[in-house]
1. Taking the residues in segment 116-143 that are among the acidic types (Asp, Glu) and more than 16 Å from ASP68 (Cα to Cα) as candidates, determine which candidate is surrounded by the fewest Cβ atoms within 10 Å (Cβ to Cβ).
2. Can you tell me which of ALA19, ALA58 is within 16 Å of the ligand (Cβ to nearest atom) and either assigned to a strand (DSSP E or B) or touching a helix residue (DSSP H, G or I) at 6+ places or on another chain (Cβ under 6 Å) (or both)?
3. Taking PRO138, is it in contact (Cβ under 8 Å) with a residue 24 or more places away in the chain and away from the ligand (no atom under 14 Å from the Cβ)?
4. Only one of these is within 16 Å of the ligand (Cβ to nearest atom) and either open to solvent by 20 Å² or more (accessible area, probe 1.4 Å) or in contact with a Gly (Cβ under 6 Å, 6 or more places away or on another chain) (or both): GLU113, GLU167. Name it.
5. Quick check on ARG136: is it part of a loop (DSSP other than H, G, I, E, B) and not β-branched (Val, Ile, Thr)?
6. Checking TRP93 against (1) of a type in the set (Phe, Trp, Tyr); (2) open to solvent by 40 Å² or more (accessible area, probe 1.4 Å); (3) touching a Pro at 6+ places or on another chain (Cβ under 6 Å), only one condition comes out false. Which one?
7. Determine if segment 7-22 includes at least one residue that is at pLDDT 95 or above and under 28 Å from VAL171 (Cβ atoms).
Amino acid sequence: MRPTATPTIEVHSSLADAARSAAATIVQATRDAVARDGRFTIALAGGETPRALYERLAADAGTDMPWDCCDFLFGDERCVPPHNPQSNFRLAWSTLLSLVPVVEARVHRIFGELGPAPAAVDYDTRLRQIFSRDERTPSFDVALLGVGTDGHTASLFPGDHALDERERWAVPAFAPVGVKVHERVTLTLPMLNRARVVLFLCAGAEKRSVLTRILSHAAPELPAAQVRGVERTIWILDREAAP
Ligand code: 6PG
């Protein structure tokens, strides 16, 4: 499946405004998916930026979202226990999933505490139970992603073997020295590029340089530059991060 969407870019005056727009986009995508398929699947992002979005979704989308029709998965996870402050699951659970009426069996945590290899095999197996094996069938309705200053997204880091994976849907990944939590599990490019909508949420002046390179197509080798949605790719930025 070749990603075909031409990226669209939104620039907002603040992270709070960017989060508000991202939340509205997700609510609409949920309505569309539930009307079309009777369910909505999203891969949630980690790091710090999504906090504002998760809090907004929990605060605003209470009645608008058919929470019981949603499957919540993760784009990546650090290999730490779920209660660890570095856990991507912990961020989503504490700021959103524990505050709205989700079906807990439809929250598909990556068991990072097992270690990168067993956790990746387990997650890959569960993904294949949730999504069709037919590569022509889109995977997630939305893949929510952030971008690191080195151009990584999910836990696909420049130079890491995980970036080269073309068969498996989830693999072990290893962050470079200096990045919090070395051992990780990540969705692969083939799996991310099957998402109907890829939604990048980025904020902060430290992201401007890498986003300028990515959005001007000057750095096609960077992981975040290689991810596009089948139907739409949306970059939602605050003014500080915008090229
Ligand atoms: C992770 C994230 C990662 C994140 C970027 C940006 O597990 O670290 O999945 O891809 O989105 O590192 O992180 P910030 O939002 O904290 O800048």
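1. Among those residues, the one meeting the criterion is ASP134.
2. Working: ALA58 fails: within 16 Å of the ligand (Cβ to nearest atom).
Going through ALA19, ALA58 in turn, just one is within 16 Å of the ligand (Cβ to nearest atom) and either assigned to a strand (DSSP E or B) or touching a helix residue (DSSP H, G or I) at 6+ places or on another chain (Cβ under 6 Å) (or both): ALA19.
3. Working: in contact (Cβ under 8 Å) with a residue 24 or more places away in the chain: yes; away from the ligand (no atom under 14 Å from the Cβ): yes.
Answer is yes for this residue.
4. Values: GLU167 fails: within 16 Å of the ligand (Cβ to nearest atom).
After ruling out the rest, the residue left standing is GLU113.
5. Values: part of a loop (DSSP other than H, G, I, E, B): yes; not β-branched (Val, Ile, Thr): yes.
Spelling it out, ARG136 is indeed part of a loop (DSSP other than H, G, I, E, B) and not β-branched (Val, Ile, Thr).
6. Unmet for TRP93, out of (1) of a type in the set (Phe, Trp, Tyr); (2) open to solvent by 40 Å² or more (accessible area, probe 1.4 Å); (3) touching a Pro at 6+ places or on another chain (Cβ under 6 Å): (3).
7. In the first step, residues of segment 7-22 are kept if they are at pLDDT 95 or above; the result is 8-22.
This time we only want the ones that are under 28 Å from VAL171 (Cβ atoms), so: 22.
Checked segment 7-22: at least one residue is at pLDDT 95 or above and under 28 Å from VAL171 (Cβ atoms).
A quick yes/no check of all residues on (1) more than 16 Å from the ligand (Cβ to nearest atom); (2) open to solvent by less than 30 Å² (accessible area, probe 1.4 Å); (3) under 16 Å from the mean Cα position of the chain (by Cα):
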| residue | (1), (2), (3) |
| --- | --- |
| SER13 | yes, no, no |
| GLN28 | yes, no, no |
| ALA33 | yes, yes, no |
| ARG36 | yes, no, no |
| GLY46 | no, yes, yes |
| ARG51 | no, no, yes |
| TRP67 | yes, yes, no |
| LEU73 | no, yes, yes |
| GLU77 | no, yes, yes |
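The values are calculated or read from the model by the stated rules, or taken from the named source; none is laboratory data. The structure displayed is predicted, hence computed values, not measured ones. Methodologically, a virtual Cβ is constructed for each residue, glycine included, from the backbone with ideal geometry; neighbour enumeration extends over all protein chains shown. To get the accessible areas, we keep the full protein, side chains included, count just its heavy atoms, and leave off ligands, DNA and RNA. Shrake-Rupley method; radii C 1.70, N 1.55, O 1.52, S 1.80 Å.
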